[in-house]
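Just below is one structure, and these are the notes that go with it.
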Amino acid sequence: MAPLENDLFLRALLRQPTPRTPLWMMRQAGRYLPEYRATRAKAGSFMQLCMTPDYACEVTLQPLARYRLDAAILFSDILTIPHALGLGLEFEAGEGPKLDRPVRTPADIDRLPTLDPERELRYVMDAVRTIRRELGGRVPLIGFAGSPWTVATYCVEGGSSKAFARIKSMLYGAPQELHRLLAHLTRATTDYLNAQIRAGAQAVMVFDTWGGALAPAAYREFSLRYMADICAGLIREQDGRQVPVILFTKGGGQWLGELAATGADALGVDWTTDLASARAAVGGRVALQGNLDPSVLYAPPAAIRAEVAKVLASYGTGPGHVFNLGHGIHPDVPPEHAGAMVDAVHELSPAYHR
Ligand code: CP3
C-alpha cells in the first residue's frame, strides 16, 4: 500500500501538531456537484450508486479533484445496515428514504438477522478497497456508520421523521424492547465498522444525527451508551497506525463533556455550539471537528471567508482542530462557494499553528 502523503487529518484527530488546520466537508460528495448528479444518473438510482464499487469510488474522488481537501469519505449511507437487515429500503426521488418492513413489534426485533459484513455488506468493503487503491495514499479515507439510535429511528419510523412518535412511544412505553433493538444494531455497527477498518478505512465516524432530539436522560440511556459500546469494540490500530474514532451528535453541544468520556478520539460539533466553549468542555481529552454553519455557503465568497476566520479564531491556537461544516453541505450551494471556504482555511489557519 502506498505511504500516506498527507496525514494532517489523522494527526489533528490525535491532537498532534500540524502546520495548518486540515479540513473536509460533511456530505462532500453529493448533489451540489454536477459531476455527482451525472454519475448518479449513470448508476440509475442512489442505491445502485452505493452498491457499485466503481461508481462509489468515482463520486468519492470527485470533491478531491475540485478542492484541496485533507480526507476522503467513503460514499455510502447510514441506511446500508437496515437495507442489509432486510427492512426493504427505497429512496424515492425527492422524498427521502422509505422502509417497507419497519421494526414495530417484539417479533420484528426477534426476526432481525445477524449480519456478516463481508457477505451482506460486501459491496461497501469492495468500495473501501477500490477507493484506497485509487487514492494511492494522497489523503486518508474515512469510513462511517450511523449511531444505533439514529439508525433505529429509521428502522422504527419507516423513514425520516419530525416528532419520532413511534420510537419515542417505544422508548417511554417499552424501553426493554428498544434496548433489544439498539443492542442488535450496536453489534451490527461495530462489526460493520471493523470490517471497513480491515478493508482500509483509516478513521471512522459515527453519525448520531438524531441524538439531539432526545431529552438528556434518554440521550444517555439510548444513544450515548451505545456509542460508547461501539468505541470499546472498535479496532484502534491497523497497519501500524492508530485509527481515530469521531463521534458526532447533532444538537449534542450540551453533552460534549460526556461524549469526551466515551473513549472517542474526536467529536463533531454542530454550528449551534461555540467552538471555544466546546474546547473548554472537553478539556483537551479529544480533538474537535467543525463547525461552520452550512448555510454560510449561500453567502458570497467574501462573507464566507469572514465566517471561516471566526470559526478558526473561536477554536484558537494549537492542535486538535479539524475544520468542517457543522452538518452536511446543502444540495443547492454553488460549488465555487465551497471552494472559497477551502481556500480560506488554507490561507488563514497557519497563523493558529505557530
Ligand atoms: O459525506 C459524504 O460525502 C459521504 C456520503 C454520505 C451520504 N449519506 C450520501 C447520501 C454520508 C456520510 C451519509 C450519511 C447519512 N445518511 C446521514 C447522517 C449524516 C447527516 O447528514 O446527518 C443520514 C441521516 C442519512 C440518511 C439519508 N440518506 C437521508 C435522510 C437521505 C435522503 C435525504 C437527503 O439528504 O437526500 C439520504 C440520501 C443520501 N445519502 C444522499 C447522499 C449523497 C442523496 C441521495 C441522492 O443522490 O438523491
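Within region 96-114, identify whether any single residue is buried (at least 20 other Cβ atoms within 10 Å of the Cβ) and in a loop (DSSP other than H, G, I, E, B), and answer yes or no. Yes.
Going by what's in this entry, would THR80 be described as surrounded by 21 or more Cβ atoms within 10 Å (Cβ to Cβ) and either within 28 Å of LEU69 (Cβ to Cβ) or without any contact (Cβ under 8 Å) to a residue 12 or more places away in the chain (or both)? Yes.
Could you say whether any residue in region 170-188 is touching a residue at least 60 places away in the same chain (Cβ under 8 Å), surrounded by 15 or more Cβ atoms within 10 Å (Cβ to Cβ) and touching a strand residue (DSSP E or B) at 6+ places or on another chain (Cβ under 8 Å)? Scanning region 170-188 turns up no residue that is touching a residue at least 60 places away in the same chain (Cβ under 8 Å), surrounded by 15 or more Cβ atoms within 10 Å (Cβ to Cβ) and touching a strand residue (DSSP E or B) at 6+ places or on another chain (Cβ under 8 Å). In this entry, GLU92 passes the filter for residues that are over 30 Å from MET341 (Cβ atoms) and within 10 Å of the ligand (Cβ to nearest atom).
Restricting attention to region 78-95, the residues that are assigned to a loop (DSSP other than H, G, I, E, B) and within 24 Å of ALA195 (Cα to Cα) total 6. Of the residues making up region 244-288, just one is touching a residue at least 60 places away in the same chain (Cβ under 8 Å), over 18 Å from TRP210 (Cα atoms) and out of contact with any helix residue (DSSP H, G or I) (no Cβ under 6 Å at 6 or more places or on another chain), namely GLY284. Taking (1) under 18 Å from the mean Cα position of the chain (by Cα); (2) closer than 22 Å to ARG119 by Cα in turn, LEU181 satisfies each apart from (1). The set of residues in region 75-89 that are near the ligand (Cβ under 7 Å from one of its atoms) and not aromatic (Phe, Trp, Tyr) comprises SER76, ASP77, ILE78, LEU79. What residue, among those in region 1-45 that are assigned to a loop (DSSP other than H, G, I, E, B) and charged (D, E, K, R), is nearest to ILE246 (Cα to Cα)? Of everything passing the filter in region 1-45, ARG15 is nearest to ILE246 (Cα to Cα). Among the residues of region 313-332, those that are closer than 18 Å to TRP271 by Cβ and crowded, with 21+ Cβ neighbours inside 10 Å comprise TYR315, HIS321, VAL322, PHE323, ASN324, LEU325, GLY326, HIS327, ILE329. Contact map, region 35-50: residues that are in contact (Cβ under 8 Å) with a residue 24 or more places away in the chain paired with residues that are loosely packed, with under 14 Cβ neighbours inside 10 Å, Cβ distance under 7 Å, separation 6+ or inter-chain. No pairs are found. Flag set for ARG225, criterion: more than 16 Å from the ligand (Cβ to nearest atom), closer than 25 Å to ALA107 by Cα and out of contact with any helix residue (DSSP H, G or I) (no Cβ under 8 Å at 6 or more places or on another chain).
For region 262-273, the condition of being surrounded by fewer than 18 Cβ atoms within 10 Å (Cβ to Cβ) and either within 26 Å of GLU347 (Cα to Cα) or among the aromatic types (Phe, Trp, Tyr) (or both) holds for at least one residue.
Pairs are defined by a Cβ separation below 8 Å, a sequence spacing of at least 6 or placement on different chains, a first member in region 144-157 that is within 12 Å of PHE222 (Cβ to Cβ) and part of a helix (DSSP H, G or I), and a second member that is within 9 Å of the ligand (Cβ to nearest atom) and of a type outside the set (A, V, I, L, M, F, W, C); the pairs so defined are TRP149/ASP208; THR150/ASP208; THR150/THR209.
I'm checking my understanding of the structure. Among residues of region 35-74 that are of a type in the set (Phe, Trp, Tyr) and touching a Gly at 6+ places or on another chain (Cβ under 7 Å), which one is farthest from the ligand (Cβ to nearest atom)? Once the filter is applied, the top-ranked residue is TYR67.
Checked against (1) closer than 21 Å to ALA264 by Cα; (2) within 15 Å of the ligand (Cβ to nearest atom); (3) in contact with a Pro (Cβ under 8 Å, 6 or more places away or on another chain); (4) not aromatic (Phe, Trp, Tyr), CYS155 meets all criteria but (1).
Kindly evaluate PHE75 against the criterion of being outside any helix (DSSP H, G or I), of a type in the set (Phe, Trp, Tyr) and surrounded by 19 or more Cβ atoms within 10 Å (Cβ to Cβ). Taking the combined requirement at face value, the residue satisfies it.
Laboratory data are not the source of any read-out in this text; all were calculated from the coordinates shown. All figures in this text were calculated on a predicted structure; none of them were measured in a lab. For neighbour counting, all protein chains shown are included, and Cβ atoms are generated from backbone atoms with ideal geometry for every residue, glycine included.
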